[in-house]
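One structure is given below, encoded as structure tokens.
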Amino acid sequence: KAGAELILLKISLEVATFEDNEFTDIEATLKQMRHGNSFEDLKKVNLQVTQKSACLLSDAEFLKKQAEVLVKGVIPLKYILNIDTPEAI
């Protein structure tokens, strides 16, 4: 909604090793997305691209930047790296 304040929380990559996670190589809502819960599926995620500070919609890597780790359950606070200093975006 207009006027809402968005907060960016940085999550430790260690969370990717949690059991029952699902990994997508691009944005999860797209039909061409590949997904799975194995280490091989995680290796399909281009981590360098996901960590870019910015990526234009017209950029060939835009969809790869939208890759997701779907975590089942709760992420413990110790894995939220900036819990004491969250970034407003």
Whole-number D in µm²/s for the chain (Stokes-Einstein; Kirkwood sum over Cα pairs; 20 °C, 1.002 mPa s): 149
Which whole-number percent gives the relative contact order of the range 20-89, counting Cα pairs below 8 Å spaced six or more residues apart? 36
Of every hundred units of 1.4 Å-probe accessible area on the chain, the number belonging to carbon and sulfur atoms, as a percent, is 56
In whole Hz and in residue order, list the ³J(HN,Hα) couplings for the range 39-56 that follow from phi through the Karplus curve 6.51 cos²θ - 1.76 cosθ + 1.60, θ = phi - 60°; x for Gly and Pro. 4, 4, 5, 4, 5, 6, 7, 7, 4, 4, 5, 5, 9, 4, 6, 8, 7, 6
Net charge near residue 23: determine it from the other residues with C-beta under 14 Å of the C-beta of residue 23, scoring Lys and Arg +1 and Asp and Glu -1. -3
Report, in debye and to the nearest 20, how large the dipole of the chain comes out about its Cα centre when Lys and Arg carry +1 and Asp and Glu carry -1 on their Cβ. 160
With the crude spin-label approximation of a point 7 Å out along Cα→Cβ, what separation in nm comes out for residue 37 versus residue 88? 3.9
Would you mind calculating the gained length between residue 28 and residue 59 on full extension (0.36 nm times residue separation, minus the Cα-Cα distance), in nm to one decimal? 9.3 nm
Farthest toward the dipole's positive end in the chain, which of 86, 66, 76, given Cβ charges of +1 (Lys, Arg) and -1 (Asp, Glu) about the Cα centre? 66
The answer for residue 26, listing residues at least 5 apart or on another chain whose modeled amide H is closer than 5 Å to its amide H, is 34, 68
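The values are calculated or read from the model by the stated rules, or taken from the named source; none is laboratory data. Here the structure is a predicted model, which means the values were calculated and not measured. Here Cβ is always computed from backbone atoms with ideal geometry, including for glycine, and neighbour counts include all displayed protein chains. For the accessible areas, the whole protein counts, side chains as well, though only heavy atoms, and no ligand, DNA or RNA atoms are used. Shrake-Rupley method; radii C 1.70, N 1.55, O 1.52, S 1.80 Å.
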